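Each remark here refers to the structure printed beneath this line.
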Amino acid sequence: MITPRSDRVPGRRPRLGSLFITTALVAALLPSSPAQAQGPCSVDYRITNDWGSGFTAEVTLTNESAGLSQWSLGWDFDSGQQVTNAWNAEVSQDAASVTATGPAWAPGLPEGASTTFGFQATHSGDNPAPENFTLNGVSCADQEEPPAQEHALLVEPATLTLDPGGEAGFEVVLSSEPDSTVQVAVDRTQGSETLSVSSTQPLTFDESDWGTPQEVTVASSGASSGEPAQAEFTVSAQGYESVVVTARERAEATSDYEQRFLDQYDRIKDPASGYFRDFDGLLVPYHAVETLIVEAPDHGHATTSEAYSYYLWLEATYGRITQDWAPFNSAWDSMEAFIIPGTADQPTNASYDPADPATYIAESLQPSDYPMPLRPEVQVGQDPLAEELSGTYGTDEVYGMHWLLDVDNTYGFGFCGDGTDDAPAYLNTFQRGSNESVWETVPHPSCETFAHGGDNGYLDLFTDDETYSEQWRYTNAPDADARAVQVAYLAHEWAAEQGNESEVADSVAKASMMGDYLRYAMFDKYFKEIGDCVGAESCPPGTGRDSAHYLLSWYYSWGGALESAEYPWAWRIGGSSAHQGYQNVMAAYALSETEALRPQSATGADDWGVSLDRQLEFIQWLQSSEGGIAGGATNSWEGVYGEPPAGTPTFYGMYYDEKPVWHDPPSNQWFGFQVWDIERVAEYHRLTGDERAGDVLDSWVPWVIANTTIGTGGDFAIPAEMEWSGAPDSWTGTPTGNPGLSVEVVSHNQDVGIAAGLAKTLMHYSAATGDQASLEMAEALLEALLEHEGELGVAIPETRADYERFGDPYDPATGEGTYVPQGWTGTMPNGDVIDSDATFASIRSFYQDDPNWGQVEDYLDGGPVPEFTYHRFWAQVDVATALATHGELFGS
């Protein structure tokens with residue numbers, strides 16, 4: 001079932017109903033327990049897949065008694081089964097005892113209503129279905145109407161963290177209406193006397209307020225010494241099963257650098273700073289505090305999967321320092337609620353055919369060549385992942401982030417393009433080839449209902465077809481998902497060192513699942529064979545892993561028809577082009593070598609093991625004679641499986657591409673991609689000592705230091721733009737030094753985020769090798785950055801000459817400007833007209849109401865280049881985590 005629209009919390013996308021998409025044959029062949037219908041609930045427990053060492057199951061719970069504001073289903077696994085992850089419910093296990101509770105977006109269960117959730121578990125030997133279930137502590141089998149005193153106490157959260165000398169609270173509520181007044185006591189039953197209950201008790205509930213949460217406050221006297229104080233508090237009432245809440249003091253910074261991290265953290269998290277929007281306690285990060293900013297996102301209050309991965313990084317680092325992991329888990333909850341599409345957002349995946357994953361559409365270099373026709377006569381390969389993933393996780397849905405989210409619903413597309421004020425809203429921009437810069441995009445909803453745009457919504461701007469269907473489609477940015485996995489690995493390692501591994505276990509399991517799906521980025525766009533792939537018609541379709549390049553490509557995508565379609569369909573594509581800046585050896589290492597992160601699928605960990613080696617080889621292959629890392633490679637030359645120029649070097653049969661995917665501006669030009677990739681290589685080298693990574697760093701680090709200067713009073717300059725000449729040698733398995741590939745730094749800047757990332761890279765390298773010059777440069781960069789601290793964080797004014805493109809009409813001579821075909825007309829949700837005269841600004845008229853629009857308007861009228869001080873979320877997190885990295889590796 002899909003939750004009805006009226007029942008959804010605004011903006012949240014519950015992952016409900018996916019378990020009804022199980023294969024009928026599988027369900028018929030595997031055992032299930034009979035439904036139990038004699039008591040307050042009935043349960044249908046069904047094993048959907050069992051592969052000997054593990055299984056997936058779906059559970060349908062029906063509430064046969066009075067409505068519940070919160071539900072909790074319990075059972076015992078008597079044969080050693082162990083739950084590893086779950087969906088559509090929060091599932092925990094203590095020894096044999098398993099408890100499933102309603103998810104945050106749907107905690108209650110009305111009388112007569114049903115809910116379905118699923119889980120994955122390991123087992124050895126027999127795997128019998130559980131025999132007895134309880135709902136809120138009452139057996140489903142033998143009581144028709146449980147007495148009030150046997151209802152449950154519901155407590156949230158079960159773990160609290162408070163500052164030394166501070167306070168924190170948790171809420172208590174009854175699961176259902178009692179017959180008489182209930183008094184609830186809270187007592188410290190174990191742990192430090194530094195922590196105590198400071199609020200009035202006992203709590204009293206009766207027939208009128210049993211469903212209204214009451215708060216219990218735990219206070220710290222601040223008198224503990226040494227390790228942070230910790231205690232357990234038991235919540236109890238006569239006739240109710242007791243609940244234990246764990247409270248602990250937040251650990252304090254152990255160095256000046258860690259304290260500076262906490263200062264920066266407090267600025268970022270301060271609601272007055274404006275880095276987040278709060279949706280009922282779940283925070284969504286903006287791309288920037290400022291709204292008028294045009295980069296890859298075309299508005300500051302959009303957000304990206306990149307920003308979400310940095311949000312996780314911020315909270316994981318906070319957990320390392322304070323031992324408070326609730327914010328990290330909350331960040332993952334927000335990511336799952338808002339930027340990972342749920343069932344309502346990707347409803348027809350059951351119609352996906354892995355043997356025919358997508359219809360081929362050629363790409364073009366110029367936006368003016370669009371719309372491009374579908375070409376069903378071109379053979380595509382087979383998707384080798386879909387059946388394994390659906391069998392492993394019990395769903396046909398894809399668990400990955402869409403790259404772009406309109407947090408405030410500025411465009412007005414709303415949920416599924418329906419034009420409501422539902423926020424955040426999924427949207428997309430880039431769609432028309434490698435030369436389409438952000439200035440030439442036409443924003444459109446990820447869910448196309450034809451409510452806006454032209455007669456066919458926005459579809460006929462991009463694809464040429466005879467008919468168009470209402471549909472949904474999402475695009476994943478693999479570097480962001482990989483960073484989320486990398487951060488989950490760090491959180492796991494840091495929490496385990498504290499003895500708090502269990503507190504992040506659920507989020508880490510979800511990161512493992514995300515990594516399993518991230519493998520779609522390892523495959524050719526149309527699953528064609530890798531290597532010497534020339535000619536869309538003649539390049540062979542792949543089967544199995546012969547379509548895998550094992551690198552992280554620029555994207556993977558998936559989509560399908562809306563449920564209103566007469567003939568449901570769905571599609572998936574990988575990505576043929578890989579950029580060095582997207583590679584993440586830390587994620588590959590975590591997913592292949594770390595037990596807690598190893599994917600549950602049969603081949604996931606092995607694929608990531610191959611990817612780890614392939615990524616390291618890729619970086620070695622692309623390293624210039626000076627030390628910089630060149631662009632990348634493609635299996636589909638110019639997006640059409642074209643024939644590259646004679647002599648083009650190859651890497652496992654893929655062709656060297658100086659500027660893969662992006663041409664405006666060239667994707668190999670920005671120094672930031674150097675830092676993002678090599679920072680991960682440096683951390684991997686520090687943790688593993690892998691000599692391949694060390695060799696890359698031994699050349700890259702001196703090149704960067706030679707091109708970086710530190711002055712006084714906060715003055716510094718790092719590389720900004722680079723120019724490349726020549727090409728690498730074809731890869732034969734051994735680095736050659738690439739005497740024919742050269743890089744020149746042609747400009748410098750003061751990008752605070754990249755400067756902080758560079759400092760982290762140099763610190764990892766110094767910690768691994770003892771190199772003093774890299775540590776001194778890193779510390780000098782950090783001190784220079786801190787000279788630019790302000791009320792909202794670390795920021796430096798910058799000029800934006802490119803803002804002249806706000807008003808550019810389409811110019812056929814240069815190809816610049818927003819191209820709309822002659823005769824095509826439509827409107828944005830706010831009424832802005834889309835036609836051949838459209839400009840970036842004309843279809844975004846909301847910018848004219850922006851407080852900073854005056855500077856742009858003056859510039860367009862011939863005035864000076866505007867100057868802005870931007871507070872990009874990811875950059876502020878990079879500064880914060882750089883400070884924390886120094887504290888972790890070098891102390892004060």
Requested in this report: Treating the angle as unsigned and between 0 and 90°, give the value, to the nearest 10°, between the Cα long axis of helix 505-517 and the longest Cα principal axis of the chain.
Outcome: 40 degrees
Query - Sorted by Cβ neighbour density within 10 Å, fewest at the top, the residues Leu551, Leu612 - result: Leu612, Leu551
Requested in this report: Amide H neighbours of Leu282 under 5 Å, at least 5 residues apart or on other chains, H built in the peptide plane: list them.
Outcome: none
Report task. In whole angstrom, note down how far apart the Cα centers of the stretch 383-461 and the stretch 800-854 are. Result -> 20 Å
Requested in this report: Quick one: work out the % antiparallel among DSSP beta bridges in the chain, nearest 5.
Outcome: 95 percent
Report task. Report, in degrees rounded to the nearest 10, the 0 to 90 angle that the Cα long axis of helix 305-322 makes with the longest principal axis of the chain. Result -> 50 degrees
Report task. Could you go through the stretch 129-137 in sequence order and give the Karplus-derived ³J(HN,Hα) for each residue, using 6.51 cos²θ - 1.76 cosθ + 1.60 with θ = phi - 60°, rounded to whole Hz, and x for Gly and Pro? Result -> 6, x, 9, 10, 10, 10, 10, 6, x
Report summary line: For the stretch 798-868, shape from the Cα gyration tensor axes a ≥ b ≥ c, cut at a/c of 1.5 then a/b versus b/c, turns out oblate
**Report entry** Within straight-line cross-link reach of Lys525, aspartates and glutamates at Cα separation under 12 Å, skipping those fewer than 8 residues along the same chain
**Finding:** Glu363, Asp383
Query raised in the report: Restricting attention to the stretch 545-633, which GluC sites (Glu not before Pro) occupy a DSSP loop and are surrounded by at most 15 other Cβ atoms within 10 Å?
Result: Glu563, Glu566, Glu595
Query raised in the report: Can you pull out the GluC sites (Glu not before Pro) in the stretch 415-487 that DSSP calls coil and that have at most 12 other Cβ atoms within 10 Å?
Result: Glu466
Query raised in the report: Counting other C-beta atoms within 10 Å, which of Cys416, Cys447 has the fewest, and how do the rest follow?
Result: Cys416, Cys447
Report task. Calculate how steeply helix 752-769 sits against the longest principal axis of the alpha-carbon atoms of the chain, using the helix alpha-carbon long axis, and give the answer as 0 to 90 degrees to the nearest 10. Result -> 80 degrees
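None of the figures in this text is laboratory data; all of them are computed from the coordinates on show. All of these numbers come straight from a predicted model, not from anything done at the bench. Neighbour counts run over all protein chains shown; Cβ positions are idealised from the backbone, glycine included.
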